[in-house]
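Below you'll find the structure, written out as structure tokens, and then a few comments.
The values are calculated or read from the model by the stated rules, or taken from the named source; none is laboratory data. Owing to the predicted nature of the structure, the values given are computational and were not obtained by experimental measurement. Cβ placement follows ideal geometry from the backbone for every residue including glycine, while neighbour counts extend to all protein chains displayed.
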Amino acid sequence: MATPNLNLTHLTASQNNKETTANLVFDGLDNAMNLSDPMTITGDKNVTAAELRGAVLFNLTGSPGATFVLTVPTSIERLFIVYNNTDQTCSLELEDAGTDGISIIAGSAVLVHTNGTTLVAIAGGTSTGGGSGTTGITIQDESVTLSALIETLDFVGGGVQAFLNSDETVTIYVPSAVSGSGVTIEDEGVQLSTLIETLNFVGAGITAYLNSDETVDIVVPGAGTATFTVNEDGSLVSNTVNTLNFTGAGVNLFENSDGSITVEIPAVLATSTVIEFTTDLTLTADHFDGNTFLKGNSGSALNVFVPDDLDVTEPVTLIGEGAGLITVVADGSGVTLKSADSLVATRAQYSSLTIIPDQDAGDGNTYWIVGDLA
């Protein structure tokens, strides 16, 4: 005689060495309550009666490559745990029972009770229909099947809500959907779906580009030649570009509210220009470009005249290369020169001064004189 589920031997009245049988029963109970049984999964797996009775936790490992079926024997009633540590979904079923199975996704565990004819998920896992191991849900539109056997379905949109009904169905509420709005999905001209309001493309390296005709190019790496056009101020720069790199210190990328992308390239300083003068010089707007140095090279004093209404914004620097000092002169009734102690000339040979337009004055004729002055 033995116990009905774990098949542990009963003690008999006339039995010798009862402690031997008792110890075996105790060990069997201990294993059934605590032992973990590792199982390497390469495909569908049939659990034997001895395995089901001999451990409480079935630790599934391996890379089966596809959804697999774990079948447990009938006529045994007990609690056990299945930990699916593989990379695929496990469908737990009773052998030849034809009853509902239990779907256990990769990385999850489920506490299961079997009465020998039915499997019940006590905690964890997802109870699904079909003893064949096929799991998922079917989407229908007015009884027309749109898709079947989906394990996870996402509804994306502002205000979308889900309600669990008393009959264990789920109602999805989509607020204020405008009739006829949405996008169409096509695959090389073959229509796959219509009137979708939100579509997500998920995957490493996927990028999207908004075209001028309000279409969008989705670039999927490795999925063929991706092309897009680069424009600068409306002029075609290049086309059929697979990858476009903007390289340089301080380059920034901004995604605009209209879906376009702006690449900000910081200002690059132009090469400095050095202009030598040996006689008096009248400044022009071209001298005030922020990168021009005027080198006075004379043994005699030099005057640099600032005329009216240059209306410039960038500075210009004067350098005294020769022994003759350089003096800045207001060459017009509207020009104002401002400096410490009203000094406007270089102090000595090799001294320098800078003429800076005072933009706060707002008249285009006021300048600061700074430097090694005398």
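The table below gives the values:
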item	result
Candidate set from segment 1-54 (those that are part of a helix (DSSP H, G or I) and among the charged types (D, E, K, R)); member that is surrounded by the most Cβ atoms within 10 Å (Cβ to Cβ)	ARG53
Out of THR128, THR71, THR99, sole residue that is at pLDDT 85 or above, among the β-branched types (Val, Ile, Thr) and on the phi < 0 side of the Ramachandran plot	THR71
Top-ranked residue in segment 10-42 [being small (Gly, Ala, Ser) and closer than 18 Å to LEU79 by Cα; ranked as nearest to the chain's Cα centre (by Cα)]	SER36
Output for segment 56-68, where each listed residue is modelled with pLDDT of 90 or more, assigned to a loop (DSSP other than H, G, I, E, B) and among the polar types (S, T, N, Q)	SER63
Any chance VAL274 is in a loop (DSSP other than H, G, I, E, B), among the β-branched types (Val, Ile, Thr) and either without any contact (Cβ under 8 Å) to a residue 24 or more places away in the chain or out of contact with any Gly (no Cβ under 7 Å at 6 or more places or on another chain) (or both)	no
Among the residues listed as LEU318, LEU310, the single one being free of Cβ contacts under 8 Å to residues at least 60 places away in the same chain and under 17 Å from SER352 (Cα atoms)	LEU318
